[in-house]
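First the structure, in the form of structure tokens, and then the observations on it.
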Amino acid sequence: MGRLLRCILLAAAATITMSGSAGARPWPADDQTIQIIVPAQGHGSTRDAIVQLITTKLAQKLGRNLQILNQGGAAGNIAAELAAKAPADGSALFFAWGEILALHPAADRAQSAAQSFDPIVLIGDTPNILIVNNDLPVHNLAEFTAYVRGHPGVVNFGSIGNGSYMHLAGLLYMNVTDTNMVHIPYSAAGLATSNLISGEIQSMFQLIPGALEPLRAQKVRALGVMAATRSPTLPDVPTMAEQGHPELQSSNWFALLAPKGAPADAIAAVNTAVNEILQEPDVRRRLIELGVSPRGGTPADLEAHMLDEQKKWRRIVSVSDMSIR
């Protein structure tokens, strides 16, 4: 009887497993809306344009409805918590960027949001670019560094606030070149740029989207892009690497992630679709217009990138004599 009972139980378990597999819904289900959670209010920024572009194309690729949910507040932590607690069934994705996934953890502002998510794909990045007032007597990185060394604690650089990419890019520059500059935090990039043009500050480690208009109007001068390769948006501007400093790399970057434990087929499908989207000529053209270099790659590539970024900025914060708060 014991043997017969075991056989009956095993048969029942097999039947349950088979019926469960047969009834499993494919991803994404026909009636499933996929939500893209964005940790900021939509207000026409570069990141808004990126998420709108990718979401529209992704909906077409997957043949499903995608909905953008903007949730600002607490430096992105509210949206990150919302996304992390969403069902891990592929119905929710998290569109985030370097400040949330790397800078804030490095600055001890919050626990790394990346720990609550599975990486999917790196969409693109927008490097910092060193721009200076037109009256500053420098025309390349070497001349700028010599000038700063000759005027220690005199040359100012503006940013959108402590702990921002513009600020930490400046800290990185000073750490690598052993120079001393004065950080001037602003509440808005536009005001900082206006003060740069007028000469109230002498330099900025601006992000490329914010530098495009004044550069095209020749109101400021570009000295170098903080990236391994030239920006397709500003192909005539040399990189810091070309000027002898390959370690001077800094950029904000944009990625898609999923709540921890999301189905492997969902991650694979979104990764494949986004990589295909990033190869489409109209998408590449639009991203480059925005000042974004298209990237792509595997989930493992994104995970490695996040870890490298956190490690780099944590080191810069720890060795800097300047408070980032």
Discussion item. Please check: in the Gaussian network model of the chain (C-alpha springs, under 10 Å), which one of Gln243, Gln206, Gln71 has the largest mean-square fluctuation.
Written reply: Gln243
Discussion item. Connecting C-alpha atoms closer than 10 Å in a GNM of the chain, tell me which of Ala211, Ala258, Ala268 has the biggest fluctuation.
Written reply: Ala268
Discussion item. Angle check, please: helix 141-150 long axis (alpha carbons) against the longest principal axis of the chain (alpha carbons), in degrees 0 to 90, nearest 10.
Written reply: 60 degrees
Worksheet item: Separation between the Ala264 and Thr229 pseudo-spin-labels, each 7 Å from Cα along Cα→Cβ, expressed in nm?
Response: 3.1 nm
Worksheet, complete the sentence: Magnitude of the Cβ-charge dipole (Lys and Arg +1, Asp and Glu -1) of the chain about the Cα centre, nearest 20 debye, reported as 600 debye
Response to the item:
One quarter of the C-alpha convex hull surface, i.e. the mean projected area of the range 148-234 in nm², amounts to 5.7 nm²
Worksheet item: Put +1 on the Cβ of each Lys and Arg and -1 on the Cβ of each Asp and Glu in the chain; which of Leu93, Asn134, Ile160 then has its Cα farthest toward the positive end of the dipole?
Response: Leu93
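What is the gain in length, in nm to one decimal, between Thr177 and Gln41 on full extension, counting 0.36 nm per residue of separation less the C-alpha to C-alpha distance?
Extra length from Thr177 to Gln41 when fully extended: 45.2 nm.
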Discussion item. Which lysines, if any, have their Cα less than 22 Å from the Cα of Lys260, not counting same-chain residues under 8 positions apart?
Written reply: Lys85, Lys311
Discussion item. Based on alpha-carbon centroids, what's the gap between the range 296-322 and the range 176-240 in Å, whole number please?
Written reply: 22 Å
Worksheet, complete the sentence: For Cα extents along the principal axes in Å the list reads [x] 57, 51, 35; [y] 93, 41, 34; [z] 76, 54, 36; the calculated value is entry [y]
Item to complete: Treating the angle as unsigned and between 0 and 90°, give the value, to the nearest 10°, between the Cα long axis of helix 2-23 and the longest Cα principal axis of the chain.
Response: 50 degrees
Worksheet item: Of all the accessible heavy-atom surface of the range 50-109, with the other protein chains kept in place and a 1.4 Å probe, what percent is carbon and sulfur?
Response: 47 percent
Item to complete: Compute the FRET efficiency between Ser187 and Asp31 as 1/(1 + (r/R0)^6), taking r as their Cβ-Cβ distance and R0 = 41 Å, and round to the nearest 0.05.
Response: 0.35
Fill in: With at most 14 other Cβ atoms within 10 Å, longest stretch of the chain clear of loop GluC sites (Glu not before Pro) (DSSP)
1-199
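So what is the orientation-averaged projected area of the range 33-148, using the convex hull of its C-alpha atoms, in nm²?
10.0 nm²
The values are calculated or read from the model by the stated rules, or taken from the named source; none is laboratory data. These numbers were taken from a predicted model, which means no experiment stands behind them. Heads up, the Cβs are rebuilt from the backbone with ideal geometry, glycines too, and the neighbour counts pull from every protein chain shown. Accessible surface areas use protein heavy atoms only, side chains included; no ligands, DNA or RNA. Shrake-Rupley method; radii C 1.70, N 1.55, O 1.52, S 1.80 Å.
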